[in-house]
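Some notes on the structure that comes next.
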Amino acid sequence: MTRAALILAVLASSCGAAVAQGPPDDAQPLACVRPARARELFFEKGLVPPIRALREASNLGNAEAIDIQLCWFRGELVYDVTLLGRDGPVTHRLVAAATGAPLGEHPNP
């Protein structure tokens, strides 16, 4: 199995059941896509590999990345990375899916 296929398999297995047909409205600021759609968007849009987003969020948050989802947020595709802090708190950090740039924490995904 190639590395890209393995990364996509991890992304597909970790995506939640929430579904988005496009950018979310203000009432729902973070809407994650289905695993099949996440794979399509990854190739269609040339997104950064999920492993890069995991590492970026983990390094910035000084925590262990335990989950990742591809979501729409304010009209853009982002990775929602769930982090487990060294002292136990769970946080969510958003990473731009197109560039891999960190976007900050998201309190209630």
- Item | Flag if R55 is among the basic types (K, R) and at pLDDT 90 or above | yes
- Query: Of all the residues that make up the range 53-74, how many are more than 15 Å from C32 (Cβ to Cβ) and surrounded by fewer than 16 Cβ atoms within 10 Å (Cβ to Cβ)?
  - Reply: 6
- Message: Please go through (1) in contact (Cβ under 8 Å) with a residue 24 or more places away in the chain; (2) within 14 Å of L103 (Cα to Cα); (3) touching a Ser or Thr at 6+ places or on another chain (Cβ under 9 Å); (4) of a type outside the set (V, I, T) for H92 and return the number of the only condition it doesn't satisfy.
- Response: (1)
- Can you find even one residue in the range 10-30 that is modelled with pLDDT of 80 or more and surrounded by 19 or more Cβ atoms within 10 Å (Cβ to Cβ)? yes
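The values are calculated or read from the model by the stated rules, or taken from the named source; none is laboratory data. Since this is a predicted model, take the numbers as computed values, not measurements. Cβ: placed from backbone, ideal geometry, glycine included. Neighbour counts: every protein chain shown.
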